[in-house]
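Here's the structure we're looking at; comments come further down.
What follows draws every value from the coordinates through simple rules; no lab data is involved. Everything numeric in this text was worked out from a predicted model, so none of it was measured. Because the Cβ atoms are built from the backbone with ideal geometry, glycine has one as well, and the counts that use them run over all protein chains shown.
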Amino acid sequence: MVRFAEWMTKRLEEPSVRIGFEVERFILLAKEELLRSFEEAGVTQREIAKTLEIKESTVSRALRSTHNMTLRTLCSLAVAAGFRPSITLERLSDAETPWKRSESRSATLPPLPVRLKPNAASFDRARGEELAA
């Protein structure tokens, strides 16, 4: 019988699975960090919405786990709470890297599926609000 941890470790060796996992992990951590910053600043979602002149439901939707917010939205929410967002990239370990590195240390990445949808989501720049497609 294969244990879940063993199964998951094996699955994460596949490039598309590892990349998908890391994307979802990043989104979750970003939202958790936003919520932590709101708490640290002592502001509510309602106050953030008022500062950005958007609906409170827009802030709530951006923070739901099923919503993939844009970097612009993440930045707007952070600044409205009084924080300057920053980004740090950390190298995956060899065990976490599903593709082989060439001798020049540049990664040979697997091809990613490209899905372009014109106007899939638009952003109201004047109001700092992400609009549904």
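The order of F38, F21, going from fewest to most other C-beta atoms within 10 Å of their C-beta, is F21, F38.
If the chain linking V17 and A5 were pulled fully straight, counting 0.36 nm for each residue of separation and taking away their Cα-Cα distance, it would gain 2.9 nm. Rounded to 0.05, the FRET efficiency of the K55 and V79 pair, given R0 = 25 Å and the Cβ-Cβ distance, is 0.85.
Over the range 21-102, what is the relative contact order in percent, taking alpha-carbon pairs closer than 8 angstrom and at least six residues apart? Over the range 21-102, the number comes to 26 percent. On the basis of the beta-carbon distance and an R0 of 30 Å, E47 and T88 show a calculated FRET efficiency of 0.60.
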